[in-house]
Structure formats: structure tokens, C-alpha cells
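Written below as C-alpha cells is the structure these notes are about.
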Amino acid sequence: MRAVLMAGGSGTRLRPLTCDLPKPMVPVLNRPIAEHIINLLRRHHITEIIATLHYLPDVMREYFQDGSDFGVQMTYAVEEDQPLGTSGCVKNVAELLDDTFLVISGDSITDFDLTAAIAFHRQKQSKATIVLTQVPNPLEFGVVITDEQHRINRFLEKPSSSEIFSDTVNTGTYILEPEVLDYLPVNQESDFSKDLFPLLLEKGEPIYGYIAKGYWCDVGHLDAYREAQYDALMQRVQLESGYEQRSPQLWVGQNTYIDASAQIETPAMIGSNCRIGARVQIDAGTVIGDNVTIGADADLKRPIVWNGALIGEEVHLRACVAARGTRIDRRAHILEGAIVGSLSTVGEEALVNPNVRIWPSKKIEPGATLNMNLIWGHAAHRNLFGQRGVSGLANVDITPEFAVRLGAAYGSTLKPGSQVTVSRDQRSISRMVSRSMIAGLMSVGIHVQNLEATAIPVARALVSTLPAAGGLHVRVHPDRPDHLLIEFFDSQGINLSKAREKKIEGAYFKEDFRRAQIQEIGNVVYPSQVSDAYSTIFERQLNIQAIRNSNSKVVIDYVYAVSGAVLPLLLGKFGCDAVVLNASLSHNVPSQTDREVLLNQLGHVVEALKANLGVQVSANGEQLILVDESGSPIRGEMLTALMSQMILTEHPRGTVVVPVHASSAIEQIARRHDGKVIRTKANPTALMEACHNNPNVVLGGSGDMGFIFPQLHPGFDAMFCIAKLIEMLTLQEQDSFHHMRRTLGQIRADLPRVCHRSLSVRCPWTVKGALMRHLVESHPTENLDLTDGVKILNPHHDSWVLVLPDAGEPLVHLYADSQDRGWVDETLREYRTFVQEFVDDEQGNEDNRWEIDRVGVKAYG
């Protein structure tokens, strides 16, 4: 049998280690990852290997040559112009594959039993077999579900945290029949998981999943790289080192000198031709490459030191990586998680702080303290974007330096000379960060339309009226007053897709931003009459005469959190009496408790003034809570139902878009009006995209997130919602039989009676995947809705329960919905207990594994 070794990866998330080295050539136990894969193939009698190369192909060809030194026969296929993707590169060598063949990734460490996997493939008479494994956190991998015969019936490539429905993942190892390649186009980029396997499922071809036992680690980022090294040292994976084991779990190469006074804890590995000086302390978990010199009194606590490094006297290395040929001078300190790129020099008594990354061939001056990556910003996070944009602690995570880099990364994904709108709330911290973002955008040749302090619905509406490629908005996080939130949207005002976010993350992590020439630096303009432009769009979508005839009195509470008092001016222009509370922009951001106090006060004011309604606007103009004529708040699911009832009364047979967890009252209301309901994932971007992409949508959103009116603009807009509400109350009063004004309280009383409750339960990240898989496997497929999380339907009384993983916190949210209040209460209790016990069981198993590890570590000493 032949094997195709996919070795074209550039290893962006392993930078700076892969700046001058393809990812498959990164060493684990002083041998390239690809060598460990080739050794595995040889052990299973697969000796004809075709390596597909793209990034720095000569490095691998020069190392392995014809493969004879490694007991195999090597052939190379180079993707010259552009990468062809995982399946495209295999299609490129189809003429060499005339029988069953194996495809394996060149950037993972594993000791799977390939012989057993091949036997399984043949026994099942499969056309394609995916080798699977179970992992604690499946977010980074393709998730797969199989039936009882192991036939694959569903998979999802790299899910978001709320999409997890299994912890069984694709390992990038496949056993294929050559005829499956006939489905692929020639010389075009294609992917196994995104293109070929879905097509095979669609065509009804037999495609199976083999769940392998053994070790597997995808070395996709720096934490995984360290983990693979330490696991290999602990012999959790069967790898060949080529070094002599001088004493239990101490491997030392040839011609290496270790001073008698050096102290070495095991497990540890020291390569060939090394010199270990007097009184050197080497802790368990340390890996030292070939041709390394370590000076006297150096202290090494679990570092990974590559070939040819020179470590000076009294140097301290702490769980860091020192790449090929680095020089670290006397008394320098390299702390946890730091990376020193190849051929770099760290001067005497310099300090490299945790998680700082130094690119190759850099020089750190003696005595310097390095808190930032060289040359840019702080240590990079694994992911920038969360559920809605980029967020973090104000002036701790989201700093001016960070914002400059983020602005440059965003701008680098756009064409030079593009225009972008920048807006913010009125807070000083937001002004500081938006100015830094503007500087980053200008530095990469992007022109800025600076809307300054503007409510976010105004900013979204204006993007499509300007010649802008997109926009961004900086504001204090609506739910966390000590956090900032930076949101990006496209030329239509819709939040960026996950693919666009990944491009920005890629530019940010690679730190190779486009640099504009002096004459190409972007400029900044300040559009005039921003509010007037929004007002024009606003008025175009309303029946102004109806609002004039309403004689409505409205009390608006801005809770010190909305930039630009656009709405009172508009309502006054339309003849409404608008009373504004708490509009000062200099007041501190109110907490959730403060907002509840202000909401209670708003109710008293509405009642005292005999107003038609009150509204508390928050999230810089996106979200709202209504208060009816009696001072009672209308929020959450009740607000979603009320808005759906009113909009569908005005637009019968219309479509309403709501998140997956919204109350089933929405379907009941839609049936009253021959309407349609579309449910989406529980995030703002999904709601915006569904409203934009589906015909006849008259309303989108929810009481918790806000409401979208697609004919206005694609974002949430509390201000338009209030004006529309006044219009609908007036028109529906005129259409009613008795011509009596209907109040919000009366409309609420007519809504369907549904019991809808929720609660949150702690669930560690490492348990979420297993929990979702268990739920999927323990319920009939026909009773499941996997739009987002796992929704379990109870067809007998039109009820459901939803288990939804939180996208940003170690939590799962439980929702139960039924006309039977007792069923809801009992179901929530049952599922809360189930989740808590499942978490305890999983963590108990994990604790047992750690206890075994601790016993083992003690034995090494």
C-alpha cells in the first residue's frame, strides 16, 4: 500500500518557529514530526510514500532525500503556484494511486494502529474511511457522528463552541479507494472535509469512521507543540528517539559531556555533541537538541531547546522554546511560554516575559525587558474574535498598542485605498481605542470616515450609503462595564462572517502587515450631517402621518449609555411628546443593578405622566426594554412575542427570524397570521445574515439582543423599533372594530400562554464536547434539532428542552418550553442534575488520570 504524506503546511499558528521551517519539520524529541510519521508508516509495512509539499519544499526534500536512510521510498510532489488544499494535493498525484491508499497529515503526533484501520476499511468495503479519535475540546477539529455500524452520517468542520454535537473528531488520516478522486476537479483547490466527504455522503457512497485507540496530538499551535513534547517524554506515545537510555527515562546522545555536578531530573532528553556545564540544574520535562552548549549554573525548567543553541552561565529557562542556533547570554531569563526564534540573540541579564514571541534573527539588547512580541504588541491570543466581535478588559487587554495592531490587521485584509467607517460611544476609553484603530488602518493605506460618537444603529445604516468597504464600532461592552467591545461589519452593515474574522486573525497572528508608502498613507474625513442622513433613511420606512395623528407621549430612559439623542428629535419632529431621562454622557457606565433601579423609576414616571409607553434604551442604541402604561416592564421572551404579534398583524404572511432558544409562542403567533418563523444560531451575526438572505422577512431578533428591521438596515435598532411601535399602535387602533386605542398591556394580555424558562450550569470547556455527544447519541435523531446546541423535542405535548453551550464562558444554558408549567420545572431540574453529574463524572475521570501522572512524576525523581 502507498501513503500520501500531506506536508505542505506553513504552520502560521506556530510562528515564529515556522518562519524558516515547514511545520512537518518542526522537531519533537529532536526529530521532525514528519520523521515520526514515516517511522509509524514503516512499522505498519507502508514504505512507498508520496509527500505533497508547498511551503519551503527544499527543507524536507534535502532532509529525507530518497528515503533510503529511513527504510522507505520517498517521492515528492510540489504545489508550485498555490496550495491545492488537503484533497486537491492528493488529486494532483492521482496517477500514482492505482489501489487502496492511505492519506496522513504531516503535522500530528500519533501511534495509531494503522494496520487495524486498514483492516476495518476492507472489512466494511468502504470507499473512504476517516480515522477518528475522541478529544476533550473539539473546537479546533472537524466533528463527526457515526451510526451503530460506524457509517458516517454527519460532520462539521471546526465548529464554533455553540455548534458542538460530539467530541469525536477527524484526525486527518484517511484510507481511500482511488475512484473517490474522480469526484474532484483537476488543478483546483479542494478540501476533504468541506468538499469531498460531503459529496460522497450526498452520492450515497459508503464512508465510514474508524475510532482509533492510542495517542494523537494535532501540533496546530504552540501549546499543543509543548504538550506533544512532554507527552512523548512521559512515553504516552510510542516514538523513536535514536538516543541511548543511560538511566531510567534519561536519554542522551553520542559524544555528550555532562559535568558530574550537574543535577538532572527525569524524564529528560539531551542530544548528541552537547556540553552541560558545572552545577547546571535540568528539571523533568526538559528536551535539549544536538550540538547544544549550556554554561555553568544554568537553571532549565522544562524548556525545549533546539539544535545548535548556546545557553550562557546562570541563564534561567522556564517552559519556553529556544529555536535553532539561538544564543542566550549570561543571566538572561526566558519565562513561561516565550519563544525565541532561530538565530536570535538575547543579551546578558535581559528578561523575556511570559508568552512573548521573538521572530528569527532578532537581537535583544543586554539588560532589556521585553514585554511585547518583537517587533509588535503583546503576546498574541489564540483567538481574537468571540461571539460578537473582539472584547477584553478596557486598557488591560484592549490597549492602544493592541488596537493599532488590530486596525492594521483589519486593514490588511482590505484592498489598499479602501474606505472604512469608524464610530464609537461617548466614553473616553472608546475615543482612545478608536483613534488607535484609525492609526493602524491608515498605516496600511486605508482611508477612514470618522463618524466619532454615534449610536451603533446610525453607524450601520450609514455604511451602505457611503463608498465604504466596511466599518467598525468601539463601545463599552453592553453586559460588562469594565470591558470594551469592538465590532466589525461589512459594506452592508452586517457583522463579519466567521471566514472574514479568520482572515483578520490570520493577519494579526502573522504580524506581517502591509506597510503603505508615505504617499499611500490613509487619510481621515469627518462626514457632516450624519444624524440627518440617518433621519432620512429612518423617515422613509415609517408612516409619518400615522405617528403625527397618534398624539403619543413616550418616556425614554437612555441609562447614560447612548451616543447622540437622535430619537427625541425625530419624535418631536413627528409631533410626539418625548420625555428623556438620564441622557447625560458624562455619567459612569451603570451596572446591571443600576439599570434595574432606573427601570423601576421609569415605570413610576410613565404612570405619573400617564404616558402611552416607556422605553429603556441600552447597548448604544441596539437594545430596549418596554414599559407599559401601568409601569410594568415588558422584556425578554414577552417582548419578542409582543413585537412579533404587532409586526405580523401589520404584515400577514410575513417571516419572522428568531434565535433557536426563543419561545414557541412565536410559532403560535405566526400561525394566527399565516406567517413563517425561521430559527437561527443564538448569535447576532446569524440573525443578521438570515434577515438579509431570506425573502419577506419583516422582523428579526429577540428581546435580549434587540430587533432588526431589514428594510431599514441589517443591524439591531431600538430607536426605529420605538417609532415603529408608535406607528403600529396607531394604525392597528384605527383598524380595530371599536376604534379604541389598544394599550401595550392589552396586547400583552392577548399573547399565547407559554411557559419558557432557562438556567445556566457550570460546564468546563473540556467536558462540553462529550456532553453534547452523549445527548445526541442518547436521543432519536427525529427528536433532535441541532441548529445550535442540542434541542430535544417532545412531540407528545409540543414541548422542547435546549442544551446550549456558552460561546465565551465554561457554561451551558438550559431552556425548557411548554404550555405545561409543571413539565418545564421538572425538565429543568432533571437536566440540571444530569449536567452536574455528567461534569462530576468526567472531571473525576480526569482527576484519576492526573493522579496517575503525579505518581509517575514522583517516581522520576
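The values are calculated or read from the model by the stated rules, or taken from the named source; none is laboratory data. The structure presented is a predicted model; accordingly, all values stated were derived computationally and were not measured. So basically every Cβ, Gly included, is an ideal-geometry build from the backbone, and we count neighbours across all protein chains shown. For accessibility, only protein heavy atoms count, side chains too; no ligands or nucleic acids. Shrake-Rupley method; radii C 1.70, N 1.55, O 1.52, S 1.80 Å.
Only one of N543, N582, N495 is open to solvent by 60 Å² or more (accessible area, probe 1.4 Å) and of a type outside the set (F, W, Y). Can you tell me which? Going through N543, N582, N495 in turn, just one is open to solvent by 60 Å² or more (accessible area, probe 1.4 Å) and of a type outside the set (F, W, Y): N543. Here E505, E520, E501 are screened, and the one residue that is touching a strand residue (DSSP E or B) at 6+ places or on another chain (Cβ under 9 Å) and among the charged types (D, E, K, R) is E501.
Does A561 satisfy the criteria of being small (G, A, S) and assigned to a strand (DSSP E or B)? So A561 does not fit the description; no.
Answer yes if at least one residue in segment 531-546 is β-branched (V, I, T), at pLDDT 90 or above and touching a helix residue (DSSP H, G or I) at 6+ places or on another chain (Cβ under 6 Å), and no otherwise. No: zero hits.
Among the residues of segment 687-696, those that are assigned to a helix (DSSP H, G or I), surrounded by fewer than 21 Cβ atoms within 10 Å (Cβ to Cβ) and in contact (Cβ under 8 Å) with a residue 24 or more places away in the chain comprise E689, H692. Checked against the criterion of being assigned to a helix (DSSP H, G or I) and over 30 Å from L384 (Cα atoms), segment 783-793 has at least one qualifying residue. Only a single item in (1) open to solvent by less than 60 Å² (accessible area, probe 1.4 Å); (2) at pLDDT 95 or above; (3) not hydroxyl-bearing (S, T, Y) is not met by A619, and it is number (2). The listed residues are V530, V580, V559, V589, and the only one of them that is of a type outside the set (S, T, Y) and over 35 Å from the mean Cα position of the chain (by Cα) turns out to be V580.
Which of the residues belonging to segment 656-670 are more than 18 Å from M705 (Cα to Cα) and not aliphatic (A, V, I, L, M)? Passing the criteria: E667, Q668. Listed by first and then second residue, the pairs linking a residue in segment 483-507 that is closer than 24 Å to I429 by Cα to a residue that is open to solvent by less than 40 Å² (accessible area, probe 1.4 Å) and among the aromatic types (F, W, Y), with Cβ atoms under 6 Å apart and 6 or more places separating them unless they lie on different chains, are N495/F489; L496/F488; E501/F385; I504/Y410. When segment 510-536 is filtered for residues that are assigned to a helix (DSSP H, G or I), open to solvent by 20 Å² or more (accessible area, probe 1.4 Å) and of a type outside the set (K, R), the ones remaining, listed by number, are I518, Q519, E520, V530, S531, D532, A533, T536.
Scanning segment 437-481 for residues that are buried (at least 20 other Cβ atoms within 10 Å of the Cβ), of a type outside the set (V, I, T) and touching an Asp or Glu at 6+ places or on another chain (Cβ under 7 Å) yields a total of 6.
Using the structure shown, decide if T86 is crowded, with 19+ Cβ neighbours inside 10 Å, in contact (Cβ under 8 Å) with a residue 60 or more places away in the chain and within 30 Å of Q134 (Cβ to Cβ). Yes.
If we keep just the residues of segment 41-71 that are free of Cβ contacts under 8 Å to residues at least 40 places away in the same chain and among the hydroxyl-bearing types (S, T, Y), which is surrounded by the most Cβ atoms within 10 Å (Cβ to Cβ)? Of everything passing the filter in segment 41-71, T47 is surrounded by the most Cβ atoms within 10 Å (Cβ to Cβ).
Test D98 against the stated conditions and say whether it is in contact with a helix residue (DSSP H, G or I) (Cβ under 8 Å, 6 or more places away or on another chain), of a type in the set (D, E, K, R) and either under 30 Å from R15 (Cα atoms) or in a loop (DSSP other than H, G, I, E, B) (or both). Considered against the rule, which asks whether it is in contact with a helix residue (DSSP H, G or I) (Cβ under 8 Å, 6 or more places away or on another chain), of a type in the set (D, E, K, R) and either under 30 Å from R15 (Cα atoms) or in a loop (DSSP other than H, G, I, E, B) (or both), D98 comes out as yes. Screening segment 224-336 for strands (runs of 3 or more DSSP E) wholly inside it with 1 or more residues that are under 21 Å from L17 (Cα atoms) and modelled with pLDDT of 95 or more returns the ranges 268-270, 299-301, 316-318. Selection over segment 234-286 of residues that are open to solvent by less than 70 Å² (accessible area, probe 1.4 Å), among the charged types (D, E, K, R) and out of contact with any Leu (no Cβ under 7 Å at 6 or more places or on another chain) gives a count of 1. Looking across segment 622-636, the residues that are open to solvent by 10 Å² or more (accessible area, probe 1.4 Å), of a type outside the set (A, V, I, L, M) and out of contact with any Ser or Thr (no Cβ under 6 Å at 6 or more places or on another chain) come down to Q623, S630, G631, S632, P633, R635, G636.
Just a yes or no: is a residue in segment 661-675 buried (at least 21 other Cβ atoms within 10 Å of the Cβ) and within 25 Å of the chain's Cα centre (by Cα)? Within segment 661-675, one or more residues are buried (at least 21 other Cβ atoms within 10 Å of the Cβ) and within 25 Å of the chain's Cα centre (by Cα). Filtering segment 819-843 to residues that are open to solvent by 60 Å² or more (accessible area, probe 1.4 Å) and closer than 26 Å to Q668 by Cβ leaves Q819, D820, R821, E826, R829, E830.
Within segment 410-434, restricting attention to residues that are part of a helix (DSSP H, G or I) and touching a residue at least 24 places away in the same chain (Cβ under 8 Å), the residue that is most open to solvent (accessible area, probe 1.4 Å) is M432.
Scanning segment 667-720 for residues that are closer than 14 Å to I647 by Cβ, modelled with pLDDT of 95 or more and acidic (D, E) yields a single hit, D674.
When we screen A507, A459 for residues that are under 19 Å from V444 (Cα atoms), assigned to a helix (DSSP H, G or I) and either modelled with pLDDT of 90 or more or not polar (S, T, N, Q) (or both), the only hit is A507. Determine whether segment 728-736 contains at least one residue that is at pLDDT 90 or above and among the charged types (D, E, K, R). No, the conditions are met nowhere in segment 728-736. Does Q519 meet the test of being within 27 Å of L569 (Cβ to Cβ) and of a type outside the set (G, A, S)? Answer is no for this residue. Only one of the numbered conditions (1) within 30 Å of R357 (Cβ to Cβ); (2) in contact with a helix residue (DSSP H, G or I) (Cβ under 6 Å, 6 or more places away or on another chain) is violated by A461, and that is (1).
Where residues in segment 778-818 are surrounded by fewer than 21 Cβ atoms within 10 Å (Cβ to Cβ) and hydroxyl-bearing (S, T, Y), which of them is farthest from the chain's Cα centre (by Cα)? In this case the residue turns out to be S799. Screening H673 against (1) under 21 Å from A461 (Cα atoms); (2) without any contact (Cβ under 8 Å) to a residue 60 or more places away in the chain; (3) touching a Pro at 6+ places or on another chain (Cβ under 6 Å); (4) of a type outside the set (V, I, T) leaves a single unmet condition, (1). Scanning segment 346-361 for residues that are crowded, with 20+ Cβ neighbours inside 10 Å and free of Cβ contacts under 8 Å to residues at least 60 places away in the same chain returns V346, A350, V352, V356.
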